[in-house]
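The values are calculated or read from the model by the stated rules, or taken from the named source; none is laboratory data. What you see is a predicted model; the values in this text were computed from it and never measured. Here Cβ is always computed from backbone atoms with ideal geometry, including for glycine, and neighbour counts include all displayed protein chains.
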Amino acid sequence: MRIDVVTIFPEYLQPLRAALLGRALDRGLIEIGVHDLRDWTHDVHRAVDDAPYGGGPGMVMKPQVWGDALDDVCGDDTRLVVPTPAGRPFTQDLARAYAGQRHLVFACGRYEGIDQRVIDDAARRMPVDEVSIGDYVLVGGEAAVLVIVEAVVRLLPGVLGNPVSAEQDSFSDGLLEGPSYTRPEVWRDLAVPEVLRSGNHALIDRWRRDQALARTYHRRPDLLERLGEGSLDEHDRRV
Ligand code: ADE
């Protein structure tokens, strides 16, 4: 997979080269390009923004600069992702969809966003998603790109040491994952739940499912509603 990011703060994307992502890069599992939007400006001030039509606070990013940048960076198999608090929610399902893509291009907006015609024009040639990573407002799309890329790249074959960890995550079955424990058996007078030391794997699976259900019920009841009755068995419903 190839990933390109266009931003006015290329240094903000340095973490893409660290830790898990850095290892995926070194092993040739992904290629990453980070591009400075100002390389596509035409004036001495290297201006990327202008006042909004209709008035109001803030500045809007100019269509000419973005248009030229995307013409150069996007190709025949690009899916363009524009992080914005006004986007559709970024979810694990979308992460899985992106993991199957050959080329992702991220367009990081700042200020009050990018002139909408940039998105509308790109959508005439390629799939374009405006996505939000949560119901809060960041200063720009860069931090959202780090979040999205990490969620996508860990799903690529060979990136995680143990592929089962990606399959058993929170959200993979629509529930939050329950608690985990390691040695020692007792720590600061807190003991690991008895059942996990029982060696009875049927019982352990049932206990884990119960913990996941209880946690989801308390923290994210909206997820349970989305799951629907069909995904819950007789025992689940009693929990
Ligand atoms: N840019 C600013 N806020 C954002 C958010 N919540 N998600 C994605 N991009 C953003």
In contact with a His (Cβ under 7 Å, 6 or more places away or on another chain) and touching a residue at least 60 places away in the same chain (Cβ under 8 Å) - does that describe any residue in region 71-80? yes
Quick test of your reading of the structure: residue 12 fulfils all but one of (1) more than 18 Å from residue 118 (Cα to Cα); (2) in contact with a Gly (Cβ under 9 Å, 6 or more places away or on another chain); (3) away from the ligand (no atom under 16 Å from the Cβ). Name the failing condition by number. (3)
Lone unmet requirement of (1) free of Cβ contacts under 8 Å to residues at least 12 places away in the same chain; (2) within 24 Å of residue 92 (Cβ to Cβ); (3) in a helix (DSSP H, G or I) for residue 209: (1)
Quick one: in region 101-137, which of the residues that are under 18 Å from residue 40 (Cα atoms), among the aliphatic types (A, V, I, L, M) and over 18 Å from the mean Cα position of the chain (by Cα) is nearest to the ligand (Cβ to nearest atom)? 114
Looking at (1) touching a helix residue (DSSP H, G or I) at 6+ places or on another chain (Cβ under 8 Å); (2) more than 11 Å from the ligand (Cβ to nearest atom), which one does residue 148 not meet, given that it meets all the others? (2)
Taking the condition over 24 Å from residue 37 (Cα atoms) and modelled with pLDDT under 95, does residue 167 pass? yes
Expected output for region 17-34 (first residue of a type in the set (Gly, Ala, Ser), partner in a strand (DSSP E or B), Cβ below 6 Å, 6+ apart or cross-chain) is 33/4
